[in-house]
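Derivation of every value follows stated rules applied to the coordinates shown; laboratory data play no part. The shown structure was predicted, so the numbers you read here are calculated from the model rather than taken from an experiment. Cβ sites come from the backbone with ideal geometry, for glycine too, and all protein chains shown count toward neighbours.
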Amino acid sequence: MLKINKLHHIAIICKDYNKSKKFYTNVLGFKIQREISREERQSYKLDLALNENYLIELFSFPNPPERQTQPESTGLRHIAFEVENIEDSIDILTKKKIKTEPIRIDPFTNKKFTFFEDPDKLPIEIYEL
């Protein structure tokens, strides 16, 4: 059996690099570790960290295809982040004009969670600890 230590990173392809960069840094609070311009591919690669942990590689490519369905399409279903207080988190997102779904309760853990979307409609979940 393969021994996996932890999640290393999540790779995301965005349509509008500057809009997605702003969303992940200014809205979600990720810190930029490294930004690389890959001119030969007309692309950027942005390494993002949360609490000093490298988590997301944000890529841009010219004219990437749209996501076909939500969230049951093949591939990445969603990203989930743990938060201390779901209501406070929703208030912060709402003030930044990010629409969230109604709060749900996980039937197995009785914990609160909700979803919202990044600029490319990638579903993002916040889950109360």
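General observations
- A protection proxy built from the mean count of other Cβ atoms within 10 Å ranks the segments 47-53, 60-66, most packed first, as 47-53, 60-66.
- For segment 1-63, a simple Cβ point-charge model (Lys and Arg +1, Asp and Glu -1, everything else neutral) yields a dipole of about 120 debye relative to the Cα centre.
- Cross-link reach is defined here as a Cα-Cα straight distance under 22 Å, omitting same-chain residues fewer than 8 places apart; for K96 the lysines meeting it are K15, K19, K21, K22, K31, K112, K121.
- Cβ-defined net charge surrounding I12, 9 Å radius [Lys, Arg +1; Asp, Glu -1]: -3
- When each of the peptides 122-129, 33-40 is scored by how many other beta carbons lie within 10 Å of its residues on average, the order from highest to lowest is 122-129, 33-40.
- Between D106, D118, D16, the Gaussian network model of the chain with springs among Cα atoms under 10 angstrom shows the greatest mean-square fluctuation at D106.
- The stretch between N18 and K97 holds 26.7 nm of extra length on full extension. This uses 0.36 nm per residue minus the Cα-Cα distance.
- Simple Cβ-charge dipole of the chain, Lys/Arg +1 and Asp/Glu -1, about Cα centre, in debye nearest 20: 260 debye
- Cα-projected label distance for A80 with K45, points at 7 Å along beta-carbon direction, nm: 2.9 nm
- Helix-derived mean residue ellipticity, 222 nm - over the chain, DSSP H n ≥ 4, -39500 (n - 2.57), to 500: -3500 deg cm²/dmol
- Principal-axis tilt of helix 86-95 within the chain, Cα atoms, nearest 10 degrees: 50 degrees
- Segment A11-T109, extension gain: residue separation times 0.36 nm, minus the distance between their alpha carbons: 32.5 nm
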